[in-house]
1. What are the semi-axes of the equivalent ellipsoid for the range A:210-250, taken as the square roots of 5 times the Cα gyration tensor eigenvalues, largest first, in whole Å?
2. So which of A:Lys349/A:Lys438; A:Lys305/A:Lys438; A:Lys79/A:Lys121 end up more than 21 Å apart by C-alpha?
3. Calculate the length of the line joining the C-alpha centroid of the range A:32-78 to that of the range A:393-446, in whole Å.
4. For chain A, list the DSSP H helices whose alpha carbon atoms reach 20 Å or more along the long axis and whose average Kyte-Doolittle value is -1.0 or above?
5. Kindly flag which residue pairs out of B:Lys88/B:Lys120; A:Lys174/A:Lys376; A:Lys136/A:Lys493; B:Lys88/B:Lys133 have an alpha-carbon separation exceeding 22 Å in this structure.
6. Under 5 Å between amide H atoms, partner at least 5 residues away or on a different chain: which partners does B:Lys104 have, H built in plane at 1.01 Å?
7. Only counting other Cβ atoms within 10 Å, I'd like A:Cys77, A:Cys60 sorted with the fewest neighbours first.
8. Using Cα positions and a limit of under 18 Å, work out the lysines in reach of B:Lys166, with same-chain residues fewer than 8 apart set aside.
Amino acid sequence: MKKWLQGSIKPEEFTEKNIKTAGIHFEALVGQDKIREVAKEFLKQSYYLESLTAVDFQECFEVVYHFNRWETQARVCVKILVGKDANNAPSLSSIYKSAVWFEREVHEMFGITFDGHPGLKNLLLPESSRIHPLLKSFKGEPKGSDVAQSLKLIEEDKRDFEVAYPRSITQQGKDYYLNLGPQHPSTHGVLRILLHLNGERILDGEPIIGYSHRHHEKMMEIQNYLACWPNFGRLDYVGAMSFNFGYARLVETAMGVAPPPRVEAIRVLTTELNRIASHLLWLGTFLMDLGAMTPFFYCFDDREKILDILEMATGERLTYDYFRFGGLDKDFPVEAIAATKQFIPEFKKRLREYDKLISKNVIFLNRVRGMGILTKEDALAYGVTGPMLRASGVALDERRRDPYSLYQHLDFNVPIRTDGDVYARYEVRMQEMEECLKIIAQLVDNLPEGAISSGKLPKNVPKGEYYSAIESARGSFGIYLVSDGSLNPYRIKLRTPSFSNLNAIIDMLPGCFISDAVAVLGSTDIVLPEIDR
Amino acid sequence: MEINKDPEFLETQTPPNGLVSFFKLDHLLNIARSNSQWPLTFGLACCAIEFMAAGASRFDLDRFGFGVARPSPRQADLMIVAGTISRKMVPCIKTLYDQMPAPKYVIAHGGCATAGGPFKYPGQYGILEGIDKIIPVNVYIPGCPPRPEALIAGLLELRRLIKEGKTQGTMSPAIIEDSQDARPAEYKNAISRADFRKPPAPPAPPTPPAAPTAAPAQA
């Protein structure tokens, strides 16, 4: 790709980067007219669009594209410049399907217009919102905190929603539209899906997100690096530990700090425990969506045992805030090690029980086999990662593609399935829990002794751009950081896995019944605040 | 009949149960209401997971008779607002609340539903700082997120309030005092791309002050 870029595109700027520190191989600035050509070539070489965002500078905007491959760590960064006055950029939406949502987000956050985009409306903000919060010239809006305003805003929002989604209130002939959510038990949070139906069969479904938008990215710009920790605990609250890991990895590689061995071992141990807890929550709620109540109680019972262990170490049950730069908040206590050792055989037995109870259940099989199929092509176009991608036959796992921390020394498999249906996703997650147990068993017996901190660190990250990704319970979680060398981040873009995974259900829903839509949605294992950020 | 929905008009109206009061009957009704709360299955963010955990096997909300969570607001009389209220969600919550039959009760579960929680900062654009800005609240539960025990304590507190006749459940919009946060936030200004782009030359001046801070890291 490098030769091709330099040969036929002739980028205006080209910088080689160190993949170990910056997270990308190279960075190229191309002309606006060339970006579509570049994207087409990247798609031809089976790169997926990992993230698309913008950075606001004094003179201009930089629109930043990250491309990556499934097989190897091949992340590269391509940029275009967009002027402040004529803020138009070419749209990639006809090349990459994932660009549709990414560009909508950049449009509302920065006010950049993408030419050729099928429908540039607000994605995360309310339809009535006309602000561009991630602009540096945006200095806050006190509107939302006022009572009289709130009541007025309710009317405005309702009205503008109907304008933005006229289909939600009209009906033509036999076809009709149904809102699934935002308050619906099986949307796992506040998600709205506008279903276009013929009888009970879905013709198409359009997810409407943003009901849990909590301005994480803007918030991180006005607080220092240490103060950002709680945000990462609350992004993906079901698997908060891996999001902690992502942030720790980003800042540590940027600063060039290597945490002590005990810290690394405890981090991996707690993250894998948390991953099991996350998958258990998914299993319980997924089966409850399908009408099975019993697994919910079993799964939550097991999950509580993990939460007990993690609580001994962190003091928290859910929104962990355990990692620190180059270290940990507290040491992993002895009683937690004993509890973990007790948990492993118990949970192995439980997993066999789940398998007996669920995997061959005829009712379950009939509802999930061959349902919601995600093909490899769609997965590439949407940038799907995590168990969803592995169920479609691609062995992409950040822990193997770009081993961080201790993962290269650990023995575990990356389970894959090739069917790409709901059942395949179920199987992948069930097997992943076993693999997590394997990792935990390897670590819990030989936790290295030593310090849990690497001493005093500078308060700021050196000037530059960094990208780092880790494998969360839902897929590849990447953070793109632009640091100007001051005490707080200049720009942080969170590339969250559920965002892309949810995007892909647009192509999975057509042809299903409404009741199947619930199964498909449940199998994607989404966490809404992570999507909406 | 035309219903006047103007909040200022409604504030001047006295509640209908002020006209005639059947004390014994009210008391009996309150006992009945306090023991059969039907919460709305409704979660917004992190706190909803703890709400689920409270309903699951270890904490078992059913012991107290709160386990009949209804997915439809028309069958529920208790709204547990569990999580951050984003601006986009506000109309939906208001609609849900309006659809619930009176008398209805509201619990603000966690820091976000109480006052914005960790997402409150001066000039924030994304969230509503507390659900009591749009609907009246009976019980506040602090925590981020509150443990399931805290939720149970909150529910028992609500039960006590209803039983003792201290809350009738609400019929009209609440009267709310508004507080504005006037602290200045440290918003950043845009930096020059040209300056940012040429790293080799400019970092020379900032490096000497950075070096001493980096030195203790190795020590």
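Bear in mind that the values in this text are calculations on the coordinates, not laboratory data. The structure presented is a predicted model; accordingly, all values stated were derived computationally and were not measured. Using ideal geometry, Cβ is built from the backbone for each residue, glycine included, and neighbour counts are taken over all protein chains shown.
1. 16, 15, 7
2. A:Lys79/A:Lys121
3. 28
4. A:147-164, A:240-255, A:261-289, A:294-314, A:334-354, A:422-444
5. Table pairs above 22 Å Cα-Cα are A:Lys174/A:Lys376.
6. B:Thr170
7. By the 10 Å Cβ count, ascending: A:Cys60, A:Cys77.
8. B:Lys166 reaches B:Lys24, B:Lys104.
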